[in-house]
Amino acid sequence: MEGQNQNRKRIYLASPTMHGLEQEMVKEAFDTNWVAPVGPHVNKLEEEIAEYLGVKYGAALSGGTAAVHLAMKLLGVKRGDVVFSTALTFAATCNPIVYENATPVFIDSEPDTWNMSPEALKKAFEKYPHPKAVICVHLYGTPAKLSEIMAICEEHNVPLVEDAAESLSATYKGRQTGSFGKYGIISFNGNKIITTSSGGMIVGNDKEDIDKARFLATQARDPARHYQHSQIGYNYRLSNVLAGIGRGQFRSLELHHNLKKKIYETYKAAFADIPEITMNPLNPDGEANYWLSCMTIAPDCGVTPLMIMDALDAQNIESRPIWKPMQLQPVYADCDFFSHLDEGSVSEDIFNRGLCLPSDIKNTDEDMELIIKTIRGVFGR
Ligand SMILES: *Cc1c(COP(=O)(O)O)cnc(C)c1O
């Protein structure tokens, strides 16, 4: 069995897709010798992404994780503070809380969008009325219930950070995700909808804040002739070479979005006759960016995510488990967690029954057919 398809090219979950313009932009950086974490591509990428999102300012950084970290710095998160975070996410959403020695408290998902549950968030506020911040995620590109989450945050006068690392080009009630919170986080990692190979951005509407993010990201050098520092800084700026890749990629964002959407719809149609399969939810109040197509399997139907991942793997097809929720992570075992349910949790249930399907926009119709056939086979269809 195994090895029978060793010669077939690998089908990826989500790999970078370059179009040519990226290389021209990189060449421009070389030709002008802006081969440094500063330069015209960095400035233009900041302007272009901020304008696209409908926010005033953005600082281009070495990664989305750096952007979350600087958001924590800007909010003054420190030892003794509590920060509420989405539980069902990648660890980069909440690790920066701990970089600042603060304590994360995890909020379960609701089943409608898989994102931060407003009900669980309310429960958390009952026990911790004064968290320093709330950070919510738009998981796999589906917008969270922002109106409800923002109303709760406003009621308690607590700033919201939107981790839109996975959701660039997704909208909620007509506006871009990442533009609602006090700060928005964007990632340009290699697996995201557009990439700079590695990179990210923090965006917002307060010029002073975003200027400060840029200052902290360039080693916090005071405006003095000599090297003077009144604060601890970081080396978090994005290279001008990589910003060139990003500017090229940005021209294809809409194309990538449309191709991702087509992948999701192809899976949805292909599994429509298998009641045990449910595709990851969308939000009727918005438009997802369909970054990753995911599915959950009905409980106790004899098929597990692992069986599907193994069957795909045997065909040299990459798939992944759902992010393991933070309340189940050894490193966060001591942290408080608020469930959407009275018993168990929505995030753990999604983790147990779900998986991420190949969502690479370079996959051909034949690739999609093979993936679908393989998955259908596990269900005996
Ligand atoms: C990718 C990702 C990040 C981190 O972004 P990097 O650019 O890899 O540092 C943060 N949060 C979520 C939800 C992500 O998926």
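With label points built 7 Å along Cα→Cβ from the Cα atoms of Lys78 and Asp273, find their separation and express it in nm.
Inter-label distance under the simple model: 6.4 nm.
Cross-link candidates for Lys56: which aspartates and glutamates have Cα within less than 17 Å, leaving aside residues fewer than 8 places away along the same chain?
Glu46, Glu47, Glu48, Glu162, Asp206, Glu208, Asp209, Asp211
What list of whole percents do you get for P(r) of the range 308-381, with Cα-Cα distances grouped in 5 Å bins up to the one holding the largest distance?
3, 14, 19, 18, 13, 10, 11, 8, 3, 0
Run the helix sum for the chain: -39,500 (n - 2.57) per DSSP H stretch of 4+ residues, divided by residue count, reported at 222 nm to the nearest 500 deg cm²/dmol.
Values: 12 runs with 133 residues, N = 381.
Value at 222 nm, helices only, nearest 500: -10500 deg cm²/dmol.
Students often get this wrong: which residues of the range 52-77 have the backbone nitrogen under 14 Å from the point 7 angstrom along Cα-to-C-beta of Gln231?
Zone members listed by number: 69-77.
Step through the residues of the range 68-76 one at a time and calculate ³J(HN,Hα) from phi using the Karplus curve (6.51 cos²θ - 1.76 cosθ + 1.60, θ = phi - 60°), rounding each to whole Hz and writing x for Gly and Pro.
Whole-Hz 3J(HN,Hα) from phi for the range 68-76: 4, 4, 5, 4, 5, 4, 4, 7, x.
Of Gln231, Gln315, Gln329, which has the largest mean-square fluctuation in a 10 Å C-alpha GNM of the chain?
Per the Cα network of the chain with a 10 Å cutoff, Gln231 tops the list.
Label Asp112 and Lys362 with points 7 Å out from Cα along Cα→Cβ: what is the distance between them in nm?
3.9 nm
Using each residue's phi in the range 266-277, evaluate 6.51 cos²θ - 1.76 cosθ + 1.60 at θ = phi - 60° and report the 3J(HN,Hα) Karplus result to the nearest Hz, with x for Gly and Pro.
With coefficients 6.51, -1.76 and 1.60, one gets 5, 4, 4, 5, 5, 9, 4, 8, 10, x, 6, 9 Hz.
For Cys294, which sequence-distant residues (separation of 5 or more, or a different chain) have an amide H within less than 5 Å of its own amide H, given hydrogens modelled in the peptide plane?
Under 5 Å from the amide H of Cys294: Asn280, Leu357.
Report the rotationally averaged projected area of the range 236-381 based on its alpha-carbon convex hull, in square nanometres.
Mean orientational projected area (the range 236-381, Cα hull): 12.4 nm².
What are the aspartates and glutamates whose alpha-carbon lies under 16 Å from the alpha-carbon of Lys123, with same-chain residues fewer than 8 places away excluded?
Answer for Lys123, where 16 Å is the Cα cut-off: Asp108, Glu110, Glu148, Glu154, Glu155, Asp336, Asp342, Glu343, listed by chain and number.
Which residue, Leu121, Leu255, Leu70, tops the fluctuation ranking in a GNM of the chain built on C-alpha contacts under 10 Å?
Of Leu121, Leu255, Leu70, the Gaussian network model singles out Leu255 as fluctuating most.
Can you list, largest first and rounded to whole Å, the semi-axes you get for the range 256-320 by taking the square root of 5 times each eigenvalue of its Cα gyration tensor? Kindly include the intermediate steps, with their values, before the conclusion.
Values: eigenvalues 98, 50, 20 Å².
Computed over the range 256-320, the values are 22, 16, 10 Å.
What size of dipole, in debye to the nearest 20, comes out for the chain about its Cα centre when the only charges are +1 on Lys and Arg C-beta atoms and -1 on Asp and Glu C-beta atoms? Present the calculation step by step, with values, prior to reporting the outcome.
On the way: 37 positive and 48 negative charges, 205 e Å.
Here the size comes out at about 980 debye.
Would you mind checking the radius of gyration and Dmax of the range 11-61 based on alpha-carbon positions, in Å?
Answer for the range 11-61, Rg first and Dmax second: 13.5, 39 Å.
Give me the mean projected area, in nm² to one decimal, of the convex hull enclosing the Cα positions of the range 1-141. Write down the numbers at each step before the final one.
Values: hull surface 55.7 nm².
Answer in nm², one decimal: 13.9.
Using 17 Å as the cut-off for backbone N distance, which residues of the range 35-55 belong to the label zone defined by a point 7 Å from the Cα of Gln219 along Cα→Cβ?
So the set is 35-39.
Per q in 0.17, 0.19 Å⁻¹, report the Debye log10 I(q)/I(0) for the range 90-202, using one uniform scatterer on each alpha carbon and no solvent.
Log10 of I(q)/I(0), two decimals: -0.81, -1.01.
Using 7 Å Cα-to-Cβ label points, what is the Leu328/Met18 separation (nm, one decimal)?
About 3.7 nm, to one decimal.
How big is the Cα convex hull of the range 21-250 in projection, averaged over all directions, in nm²?
On the way: hull surface 49.6 nm².
Its average projected convex-hull area is 12.4 nm².
³J(HN,Hα) across the range 133-140 via Karplus (A = 6.51, B = -1.76, C = 1.60, θ = phi - 60°), whole Hz, x for Gly/Pro?
6, 10, 10, 10, 10, 9, 5, 6
If I model the range 160-214 as equal point scatterers sitting on the Cα atoms and use the Debye formula, what is log10 I(q)/I(0) at q = 0.18 Å⁻¹?
Here the Debye-derived log intensity ratios amount to -0.59.
Structure shown: which of Lys173/Lys212; Lys268/Lys362; Lys44/Lys212 lie over 26 Å apart, alpha-carbon to alpha-carbon? Each step should come with its number before you reach the end.
Numbers: Lys173/Lys212 30 Å; Lys268/Lys362 19 Å; Lys44/Lys212 18 Å.
Pairs exceeding 26 Å: Lys173/Lys212.
Report, in whole Å, the centroid distance computed from the Cα atoms of the range 215-270 and the range 22-100.
Here the answer is 6 Å between Cα centres.
The range 207-254: D in µm²/s via Stokes-Einstein (Kirkwood Rh, Cα pairs, 4 °C, 1.567 mPa s)?
Details: Rh = 12.5 Å.
Calculated translational D: 103 µm²/s.
What GluC sites (Glu not before Pro) in the range 282-357 are in a loop by DSSP, with at most 14 other Cβ atoms within 10 Å of the Cβ? Show your work: numbers first, answer last.
Details: sites: Glu287, Glu318, Glu343, Glu348; in loops: Glu318, Glu343.
Loop-located and lightly packed - Glu343.
Every number in this text was worked out from the coordinates using simple rules, so none of it is lab data. None of the values given here were measured: they were computed from a predicted structure. Every residue, glycine among them, receives a Cβ derived from its backbone with ideal geometry; neighbour counts consider all protein chains shown.
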